[in-house]
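Input: a single structure, listed below in structure tokens.
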Amino acid sequence: MRYAVIPAAGLGRRFGGKKQFFEINGVPVIEYTLRVFEKSELVHGIVLVLPAKDLEFGEKLKEKFKKIKYVVPGGEERQSSVFKGLKAIENEGVDEVLIHDGVRPLVSQSLVRELVVALSDYEVDGVIPGLKPRDTVKVVGAPLERGDFFVERTLDRDKLVLVQTPQVFMYEVILKCHERAVGEDFWATDDSALLERYGYSVVTIPGEPFNIKITTKEDVKLAEFFLSYSANSL
């Protein structure tokens, strides 16, 4: 059995509001995201993680999206929200789990499929999508003025990928990694970093250029444009 955990519990302080509920063409961002997993034949259930104050809205989404089995309150950080989502399905007999940012509304069903297939083909513990950086990447050091830094060195682009979600994992492995991270008070910027820390195997496959994460108001404009050509808008 395969579930999707969708963390969408952010408060959007930098954005100026909860991005997951921001409407594009009259539809909340989170609904575009949910449509992909609702339609995918590879996903058997969804756990939606929302701010504690928005669980009632989540129950309304549950009526619209039949694969949503649980709506749970998130934590203060993304990692704790994901952990709560994983714990919600601890007794469901889940074998694999997809973890996807609720504010990435342009993910495609084909990417979901490619991730699931790769997890099986490579017989690894996790598979993540990533894009090769097109620009030269520098490591910077001491700051000068705001946004200005001394350059220390240039990284080899051939050894770098810009990571996206969804990320797919063997359920027992990712749950165990999250439990260990809680015990050690270790915080990572994505879930695959937990597998790396504890010695599990992770493979990266090509991501999608349009699979952007909405972080700023400028991202909304991009998403609005891309969604006009996306199956997610249907």
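The rows are residues; the columns are (1) of a type outside the set (D, E, K, R); (2) open to solvent by less than 80 Å² (accessible area, probe 1.4 Å); (3) out of contact with any His (no Cβ under 8 Å at 6 or more places or on another chain).
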residue	(1), (2), (3)
Thr189	yes, no, yes
Arg197	no, no, yes
Ser201	yes, yes, yes
Phe210	yes, no, yes
Asn232	yes, yes, yes
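So that you can scan it fast, the table gives a plain yes or no per residue for (1) touching a helix residue (DSSP H, G or I) at 6+ places or on another chain (Cβ under 9 Å); (2) touching a residue at least 60 places away in the same chain (Cβ under 8 Å):
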{"residue": "Asp135", "(1), (2)": "yes, no"}
{"residue": "Thr154", "(1), (2)": "no, no"}
{"residue": "Asp158", "(1), (2)": "no, no"}
{"residue": "Phe225", "(1), (2)": "no, no"}
{"residue": "Ser230", "(1), (2)": "yes, yes"}
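How many residues, within the stretch 4-24, are touching an Asp or Glu at 6+ places or on another chain (Cβ under 7 Å) and of a type outside the set (Val, Ile, Thr)?
Residues that pass the stated criteria total 1.
For the structure I just gave you, tell me whether Ala142 is part of a helix (DSSP H, G or I) and either more than 27 Å from Tyr32 (Cβ to Cβ) or open to solvent by less than 90 Å² (accessible area, probe 1.4 Å) (or both).
no
Would you mention how many residues in the stretch 158-193 are closer than 25 Å to Pro209 by Cα and either within 15 Å of the chain's Cα centre (by Cα) or among the charged types (D, E, K, R) (or both)?
Initial filter on the stretch 158-193 (closer than 25 Å to Pro209 by Cα): 158-169, 188-193.
Remaining after also requiring either within 15 Å of the chain's Cα centre (by Cα) or among the charged types (D, E, K, R) (or both): 158-159, 162-169, 188-193.
So the count comes out to 16.
Does Tyr32 satisfy the condition of being of a type in the set (Phe, Trp, Tyr) and over 15 Å from the mean Cα position of the chain (by Cα)?
no
For the stretch 169-186, does any single residue satisfy the condition of being assigned to a strand (DSSP E or B) and either open to solvent by less than 50 Å² (accessible area, probe 1.4 Å) or under 22 Å from Ile30 (Cα atoms) (or both)?
Kept after step one, since they are assigned to a strand (DSSP E or B), are these residues of the stretch 169-186: 169-170.
Now narrow it down to the ones that are either open to solvent by less than 50 Å² (accessible area, probe 1.4 Å) or under 22 Å from Ile30 (Cα atoms) (or both): 169.
So far as the stretch 169-186 goes, yes, one or more of its residues are assigned to a strand (DSSP E or B) and either open to solvent by less than 50 Å² (accessible area, probe 1.4 Å) or under 22 Å from Ile30 (Cα atoms) (or both).
Is it the case that the stretch 109-117 has a residue that's polar (S, T, N, Q) and touching a helix residue (DSSP H, G or I) at 6+ places or on another chain (Cβ under 7 Å)?
yes
Within the stretch 212-230, take every residue that is open to solvent by less than 50 Å² (accessible area, probe 1.4 Å) and not in a helix (DSSP H, G or I) and give me the one that is modelled with the lowest pLDDT.
Pass one, the stretch 212-230, residues open to solvent by less than 50 Å² (accessible area, probe 1.4 Å): 212, 214-215, 219-220, 223, 226-227, 230.
Those left that are additionally not in a helix (DSSP H, G or I): 212, 214-215, 230.
Values: Ile212: 95, Ile214: 93, Thr215: 89, Ser230: 73.
That would be Ser230.
Restricting the stretch 145-159 to residues that are under 30 Å from Ile205 (Cβ atoms) and in contact with a strand residue (DSSP E or B) (Cβ under 9 Å, 6 or more places away or on another chain), which is surrounded by the most Cβ atoms within 10 Å (Cβ to Cβ)? First the steps, then the outcome.
In the first step, residues of the stretch 145-159 are kept if they are under 30 Å from Ile205 (Cβ atoms); the result is 153-159.
Restricting the remaining residues to those that are in contact with a strand residue (DSSP E or B) (Cβ under 9 Å, 6 or more places away or on another chain) gives 153-155.
On the way: Arg153: 9, Thr154: 10, Leu155: 12.
In this case the residue turns out to be Leu155.
The values are calculated or read from the model by the stated rules, or taken from the named source; none is laboratory data. What you are looking at is a predicted structure, and each value in this text was computed from that prediction instead of being measured. Using ideal geometry, Cβ is built from the backbone for each residue, glycine included, and neighbour counts are taken over all protein chains shown. The protein model used for the area step is the full one, side chains on, heavy atoms only, and it has no ligands, DNA or RNA in it. Shrake-Rupley method; radii C 1.70, N 1.55, O 1.52, S 1.80 Å.
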